[in-house]
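> Just passing along the structure, written as structure tokens.
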Amino acid sequence: MKLSVVITTRNEEANIENCIRSFDGRRDDVEVIVVDNSSTDRTKEISASLGATVLDTGPERCAQRNLGWRTAKSDWVVILDADMLLPAETLDEMLAIASRPVDGLGGSQPTVYWVPEVRTGHGIRTKARNFERSFYDGTCIDALRLFRRSVLEAVGGYDESLIAGGEDWELDIRVLATGAKGAVLKNHLIHNERSLSFRRLMEKKAYYSKGVADYQAKWAGHPALKKQFGLFYRYFGVFVENGKWRRLLRHPILAMVMYFERVAVGVVYLSSAFQRGHSTNSGVEK
């Protein structure tokens, strides 16, 4: 077994089959582990019928992911959501990486990888979101997905005290601090967001913003946080660094749509932060 795939789920019967079937024909090399969180639909039944190892834990993704990679039998682990799948060329690249010898955490060979994403869907919003996502590859806005298992063992995996927000970035800080070398995969994964309306996107961002405060408190003052939550880098720096500004000029309409959503997400985040602060102050006054 060369590669273990850890997929976290909760009521994902609409997506899980496509995700698991993207590994059909390669199951001699790929172990599929589905870690569910008390689904009430057919997620676990479908996963088991497709030959996946099915586990169950909660309360959030951190615990699910940790159980998944600790159960894995392979030296390399990729972390996916149920609405993602790996094209054949991406899986081939991962298996080639998993076949190469590695010379330790601080060696010359990468032991962790960022994986570019392409979102499915139609219309200008999907194009704009893919355009935006392409600027993040390998930056502190991105999140590592492919790990040599020894790296996760060295840092203890995801911090399970962080609930719904910032857990990926938090893990990246600790992983890169070990001296582990990171690289960006040449090929991409596919993220199925056809049903993600603008309203649902804002609701999703509001939910994840609730847990971000704990991540910020844990790593206050770290350079990565200054970029991740700083207006300059999030709205300007990441889009122009290393010559990327040329792409903005080549696609002005996509840039405008992208910035509209960026501003909307920023408003949602600030609103959630204000509500959390107001709630805390009210509790103190009582």
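The values are calculated or read from the model by the stated rules, or taken from the named source; none is laboratory data. It should be emphasised that the depicted structure is a prediction, and the values quoted were computed from it without experimental measurement. Here the Cβ is made from the backbone with ideal geometry for all residues, glycine too, and neighbour counts use every protein chain on show.
> Counting only residues that are hydrophobic (A, V, I, L, M, F, W, C) and more than 17 Å from Trp169 (Cα to Cα), how many does the range 215-258 have?
We begin by selecting, within the range 215-258, every residue hydrophobic (A, V, I, L, M, F, W, C); these are 217, 219-220, 224-225, 229, 231-232, 236, 238-240, 245, 248-249, 253-258.
Pick out the ones that are also more than 17 Å from Trp169 (Cα to Cα) and you get 231-232, 236, 239-240, 245, 248-249, 253-258.
Of the residues in that region, 14 qualify.
> Continuing with the same structure: Which condition number in (1) closer than 20 Å to Arg65 by Cα; (2) within 13 Å of the chain's Cα centre (by Cα); (3) of a type in the set (A, V, I, L, M, F, W, C) is the one that Val118 fails?
(1)
Per-residue answers, yes or no, for (1) at pLDDT below 95; (2) of a type outside the set (A, V, I, L, M); (3) touching a helix residue (DSSP H, G or I) at 6+ places or on another chain (Cβ under 6 Å):
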position	(1), (2), (3)
Leu50	no, no, yes
Gly58	yes, yes, no
Val78	no, no, no
Glu89	no, yes, no
Ala96	no, no, no
Trp114	no, yes, no
Ala128	yes, no, yes
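> Now for a separate question. Do we have any residue at all in the range 212-224 that's within 17 Å of the chain's Cα centre (by Cα) and either farther than 24 Å from Tyr259 by Cα or modelled with pLDDT under 90 (or both)? Don't jump to the end; show me each part of the working.
Start the filter on the range 212-224 by keeping residues that are within 17 Å of the chain's Cα centre (by Cα), which leaves 212, 215, 224.
This time we only want the ones that are either farther than 24 Å from Tyr259 by Cα or modelled with pLDDT under 90 (or both), so: 212, 215.
For the range 212-224, residues within 17 Å of the chain's Cα centre (by Cα) and either farther than 24 Å from Tyr259 by Cα or modelled with pLDDT under 90 (or both): present.
> Need the failing condition index for Val54 against (1) part of a helix (DSSP H, G or I); (2) farther than 24 Å from Ser99 by Cα, just the number.
Result: Val54 passes all but (1).
> Within the bounds of the range 164-173, is there any residue that is in contact with a Gly (Cβ under 8 Å, 6 or more places away or on another chain), surrounded by fewer than 18 Cβ atoms within 10 Å (Cβ to Cβ), at pLDDT below 95 and closer than 30 Å to Glu17 by Cβ? Lay out the reasoning, then the answer.
Here is the first cut: in the range 164-173, the ones in contact with a Gly (Cβ under 8 Å, 6 or more places away or on another chain) are 164-167, 171.
Then keep just the ones that are surrounded by fewer than 18 Cβ atoms within 10 Å (Cβ to Cβ); that gives 164.
Among the residues that remain, those that are also at pLDDT below 95 are: 164.
Next cut, closer than 30 Å to Glu17 by Cβ only: 164.
Checked the range 164-173: at least one residue is in contact with a Gly (Cβ under 8 Å, 6 or more places away or on another chain), surrounded by fewer than 18 Cβ atoms within 10 Å (Cβ to Cβ), at pLDDT below 95 and closer than 30 Å to Glu17 by Cβ.
> Does Leu67 fit the bill of being aliphatic (A, V, I, L, M), at pLDDT 95 or above and under 11 Å from Thr8 (Cβ atoms)? Working first, answer last.
Numbers: aliphatic (A, V, I, L, M): yes; at pLDDT 95 or above: yes; under 11 Å from Thr8 (Cβ atoms): yes.
Yes: the conditions hold for Leu67.
> Select, from Gly165, Gly123, Gly157, Gly138, the only residue that is at positive phi and free of Cβ contacts under 8 Å to residues at least 12 places away in the same chain. Steps first, please.
Values: Gly165 fails: free of Cβ contacts under 8 Å to residues at least 12 places away in the same chain; Gly157 fails: free of Cβ contacts under 8 Å to residues at least 12 places away in the same chain; Gly138 fails: free of Cβ contacts under 8 Å to residues at least 12 places away in the same chain.
So the residue among Gly165, Gly123, Gly157, Gly138 that is at positive phi and free of Cβ contacts under 8 Å to residues at least 12 places away in the same chain is Gly123.
> Tally time: how many residues in the range 236-252 are exposed (fewer than 12 other Cβ atoms within 10 Å of the Cβ) and under 12 Å from Phe131 (Cα atoms)?
The total comes to 2.
> Can you name every residue in the range 19-30 that is surrounded by fewer than 21 Cβ atoms within 10 Å (Cβ to Cβ) and touching a strand residue (DSSP E or B) at 6+ places or on another chain (Cβ under 9 Å)?
Taking the range 19-30 as the starting set, the residues that turn out to be surrounded by fewer than 21 Cβ atoms within 10 Å (Cβ to Cβ) are 21, 24-29.
Of everything in the range 19-30, those that are surrounded by fewer than 21 Cβ atoms within 10 Å (Cβ to Cβ) and touching a strand residue (DSSP E or B) at 6+ places or on another chain (Cβ under 9 Å) turn out to be Arg21, Arg26, Asp29.
> I'm trying to understand the selection: among the residues of the range 148-195, which are among the charged types (D, E, K, R), touching a helix residue (DSSP H, G or I) at 6+ places or on another chain (Cβ under 8 Å) and part of a loop (DSSP other than H, G, I, E, B)?
Asp159, Glu160, Lys186, Glu193
> For the range 39-72, give me each residue that is closer than 23 Å to Ser150 by Cα, of a type outside the set (A, V, I, L, M, F, W, C) and surrounded by 21 or more Cβ atoms within 10 Å (Cβ to Cβ).
Hits for the range 39-72 are Arg61, Gln64, Arg65, Gly68.
> Name every residue in the range 1-51 that is within 20 Å of the chain's Cα centre (by Cα), assigned to a loop (DSSP other than H, G, I, E, B) and in contact (Cβ under 8 Å) with a residue 40 or more places away in the chain, in order of residue number.
Within the range 1-51, Glu12, Asn15, Ser22, Phe23 meet the criteria.
> Go through the range 115-147 and count every residue that is surrounded by 18 or more Cβ atoms within 10 Å (Cβ to Cβ) and assigned to a strand (DSSP E or B).
6
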